[in-house]
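Taking it in order: structure first as structure tokens, then the write-up.
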2 protein chains.
Amino acid sequence: MSKRPAAKKAKPMNAFYAQSGGVSAVINASAAGVIEAAMKSTKIGRVYAGRHGIVGALTEDLIDVYKESRATIKGLRHTPAGAFGSARYKLKSLEQDRAKYQRLIEVFKAHDIGYFFYNGGNDSMDTANKVSQIGDQLGHKVVCIGVPKTVDNDLPHTDCCPGFPTVAKYVALSTREAALDVASMAKTSTKVFVMEVMGRHAGWIAAAGGLAGKGPDEAPHIILFPEIAFDKEKFLARVKEVVSRVGYCVVVVSEGVHDADGKFLADAGTKDAFGHTQLGGVAPVVANMVREAHGYKYHWAVPDYLQRASRHVASKVDVAQAYAMGKAAVELALAGENAVMPTIVRKSDSPYRWTVGKVALAKVANKEKMMPRNFITKDGFGITAACRKYLAPLIQGEDYPPYVKGLPSYVSLKNQRVARKLAKEFVLK
Amino acid sequence: MSKRPAAKKAKPMNAFYAQSGGVSAVINASAAGVIEAAMKSTKIGRVYAGRHGIVGALTEDLIDVYKESRATIKGLRHTPAGAFGSARYKLKSLEQDRAKYQRLIEVFKAHDIGYFFYNGGNDSMDTANKVSQIGDQLGHKVVCIGVPKTVDNDLPHTDCCPGFPTVAKYVALSTREAALDVASMAKTSTKVFVMEVMGRHAGWIAAAGGLAGKGPDEAPHIILFPEIAFDKEKFLARVKEVVSRVGYCVVVVSEGVHDADGKFLADAGTKDAFGHTQLGGVAPVVANMVREAHGYKYHWAVPDYLQRASRHVASKVDVAQAYAMGKAAVELALAGENAVMPTIVRKSDSPYRWTVGKVALAKVANKEKMMPRNFITKDGFGITAACRKYLAPLIQGEDYPPYVKGLPSYVSLKNQRVARKLAKEFVLK
């Protein structure tokens, strides 16, 4: 073969990775998937992460991921929450927030960033999609790939969302453990136990509580879904019936439960940056309702962040999928894809088999996947066999973190800043 | 040696075992310790358990423990809550409740019960002590041995109480996990996180939250103890200072926190059978206080029963001690002791070494061990090195339950009833 003169090699473009929205027990596993896959490729230069997600890009506060040791990056796989910082910071339409999108491209250009991996939910997929468009418009091409993450499990076109299976496992096992406690005490003390779980609009997390038991006598006896309008009389009658039959009643209630008029049972009255109402405290509302009607002694629990940060009891399936999504995002980018998100495609229920697929960002952006009606029992208080078939495989397997002195040993990063290149400051409002 | 004629062997007396008060993740491990030790001895006939604790004895609702398989009894070691049912049912003084004590002895006599193993806290040790006295008075000797159990860790004369180390581990790791979540979000969202933990009068469980971090910048930044009168101004000033310095603030608050006048911050207004005020909901009170003063976005969590039923993350030390206390109770009885409770005696901190001791029931009855003042920092918001030295060994080691289909596999008992021998019914009031 004749030797051709080597073409002048283009300097490989750098990648930008950002975490967005509420974090999860496995979002860092996706980060590890992105980073380790990028490290293996000669087509990608360095990987920068946004300190506090997209905010880090806007303020040019980039973290040089390659300053961390390989062991630390590996440790992200077993470390919950967002190691680089996440943000609740939504970019609006290209028209409304044009200056911000332009700023993003400016920063990307200044740091030779040609890849953007955005790890978040439906809002973030919308942003990633728009960044891809504006880059083209401004003449700085950025390959934008979404990495799915949301404990709410409400992203369409994927079997589930990394983060959800671990919350599901946590909620199912917490329901099982607490129910044993209530059963022990019911004769002379607590008869009704109410546990509030996350899930703003979709009842996936509440549904997972249903995996704790089997028949109608096993806890949870009642699940309250955001998909089903709350009917106070019907609920109170059911509680009474369960206490009479079983001796006690365990209720799992989604934070997003509302009445037929759409009014949340517990509305803290404040809104977050995405314009979502900040919820919390529906459990005491429901528990008091039961007490007033029936006089039963009650206890209630609100695990709040504990459920989504519960890396100590992660689903093995979840960790594997979260990592796979990060890795696949890089592979899609390297294969020439743009404005897509890798997905989890279910091949079989039992044994659970899945592969990696993909979907256009435009198809997932700002869309929510609710529980199908046939996943909820006719009376609206439980899950069906179809729902169990869907949920059961997701919580399979344990993936314990290492422990040191009796506590999980989670990595902490140096998060060293990349030198600034732009003169202009961006002031976050 | 000359062969002496065998003395007519007395039929071995049966044993009665009961669980009392709030259950824990390891009270069943103590049950396994009692039952397996009793099974090995020819001096003890059958072991009966009270359905719902002492209530089962009063109502002659006895469970024949020997109807369970050996595997099931073994499985109690990894099963949380009270497998035979517990009760919040306190017997008053011998004068006030004479009829009930007499009834107990009647039932014991009818079922040839000569041993009483009572698994509970300080109230229960008082009851066991009195049963021992009344038995003697009524001419039916009952050997009464206490088995220590209380997640509150407030029993004196023992290094710790079975049940506490697992709650301590749960609270420390939950604080660590949730704090990582808050740290991720603080830039644009939640700045203050408040987690409420159990501990009516003593701050042991709240203190355990302190194991999550080390320096003043690590969560939890503030612990609110029942031993320290709550000072609102001082607390709010500290929250502000921490948020300014660290960017966020994690608060662990004991349910028993009260002001200088003894008024609980959150008083649900109801009392349980022991006359204790039923608490709950101090976390939202504290969180709202912070919001009103500083306007920070907050989240709060109340794990409630989840913390004391958290067998999935049990301390290995706790499981071993709980089992050892049950076993030792039987051994003490067989050695001719009466009206005593086995204790845990610390031999060294690091490595943690402990042996089994004993103490007279009269010495533990109705007494509470508070946190010593030198375990709490001078400012009242944290734990000292002395406290860490005490707490750290207790949460060591993991003792995972077996999992089936992604969830802990806990045993459930047949709880078969022993045929009644008494004509008279006892009506529980």
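The values are calculated or read from the model by the stated rules, or taken from the named source; none is laboratory data. No experiment lies behind these values; they were computed from the predicted model shown. Because the Cβ atoms are built from the backbone with ideal geometry, glycine has one as well, and the counts that use them run over all protein chains shown. Ligands, DNA and RNA are stripped out before the accessible areas are found, and what is left, the full protein with its side chains, is counted by its heavy atoms. Shrake-Rupley method; radii C 1.70, N 1.55, O 1.52, S 1.80 Å.
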Exercise. For n ≥ 4 DSSP H runs only, could you compute -39500 (n - 2.57) per run for chain B, divide by its residues and tell me the 222 nm figure to the nearest 500?
Key: -10000 deg cm²/dmol
Exercise. Would you mind telling me the share, in percent, of accessible area of region B:380-421 contributed by carbon and sulfur at probe 1.4 angstrom?
Key: 52
Exercise. Using packing as a proxy for protection, rank A:63-71, A:130-138 so that the peptide with the highest average count of other Cβ atoms within 10 Å comes first.
Key: A:130-138, A:63-71
Quiz item: Taking the simple approach of a point 7 Å from Cα along Cα-to-Cβ for both residue A:400 and residue A:70, what is their distance in nm?
Solution: 2.7
Quiz item: Which helices, counted as full DSSP H runs in chain B, have an axial Cα extent of no less than 30 Å and a Kyte-Doolittle average of -1.0 or above?
Solution: B:164-185
Quiz item: Accessible area per residue, 1.4 Å probe, Å², for region A:55-99: what's the number?
Solution: 36
Quiz item: Between chains A and B, what is the buried accessible area summed over both chains (1.4 Å probe, protein heavy atoms, nearest 100 Å²)?
Solution: 5600
Quiz item: How far is residue A:347 from itself in the other copies, in nm, if each label sits 7 Å out from Cα along the Cα-Cβ line, shortest first?
Solution: 5.5
Quiz item: What residues qualify as long-range amide H neighbours of residue A:398, i.e. H under 5 Å apart, gap of 5 or more or another chain, H built at 1.01 Å from N?
Solution: A:316
Quiz item: Among A:119-127, B:181-189, how do they line up from the highest to the lowest mean number of other beta-carbon atoms within 10 Å?
Solution: A:119-127, B:181-189
Quiz item: Averaged over B:308-315, how many beta carbons belonging to a partner chain fall within 10 Å of each residue's beta carbon?
Solution: 5
Self-check item: Protein accessible area in region A:109-257, 1.4 Å probe - carbon and sulfur %
Solution: 48
Self-check item: Cα centroid separation, region A:200-240 to region A:328-345 (Å)
Solution: 37
Quiz prompt | Inter-probe distance in nm under a simple model that places probes 7 Å from Cα toward Cβ, at residue A:42 and residue A:236 | solution = 7.4
Exercise. Work out from phi, with θ = phi - 60° and the Karplus expression 6.51 cos²θ - 1.76 cosθ + 1.60, the ³J(HN,Hα) of each residue of region A:250-264, listed in order in whole Hz, and give x for Gly and Pro.
Key: 10, 10, 10, 10, 6, 4, x, 5, 9, 7, 4, 8, x, 7, 5
Quiz item: residue B:46's amide H: which non-local residues (gap 5+, or another chain) put their own amide H closer than 5 Å, with H modeled 1.01 Å from N in plane and none for Pro or chain starts?
Solution: B:14, B:15
Quiz prompt | Inter-label distance, nm, simple model (7 Å from Cα along the C-beta direction), residue A:347/residue A:409 | solution = 3.5
Quiz item: If you count, for each residue, the other Cβ atoms within 10 Å and average over each peptide, how do B:150-163, A:390-403 line up from highest to lowest?
Solution: B:150-163, A:390-403
Exercise. Please give the per residue accessible area of region B:150-258, computed with a probe of 1.4 Å over protein heavy atoms only, in Å².
Key: 24
Self-check item: Exam field: residue A:231 pseudo-label spacings to other copies (7 Å along Cα-Cβ), nanometres
Solution: 5.6
Self-check item: Tensor-based shape of region A:1-150 (alpha-carbon gyration tensor, a/c under 1.5 rounded, otherwise prolate or oblate)
Solution: oblate
Quiz item: Among rounded, prolate and oblate, which fits region A:350-429 when a ≥ b ≥ c are the square roots of the eigenvalues of its C-alpha gyration tensor, a/c under 1.5 means rounded, and a/b larger than b/c means prolate?
Solution: oblate
Quiz item: Carbon-plus-sulfur fraction of the accessible area of region B:1-104, 1.4 Å probe, in percent?
Solution: 53
Quiz item: Short version: which residues of region A:83-108 lose at least 50 Å² of accessible area, all chains versus chain alone, 1.4 Å probe?
Solution: A:88
Self-check item: Label geometry 7 Å along the beta-carbon vector: residue A:429 inter-copy distances in nm
Solution: 7.1
Quiz item: Can you list the residues of region B:178-209 that have at least 40 square angstrom less accessible area with all protein chains present than in their chain by itself, probe 1.4 Å?
Solution: B:180, B:181, B:184, B:185, B:187, B:188
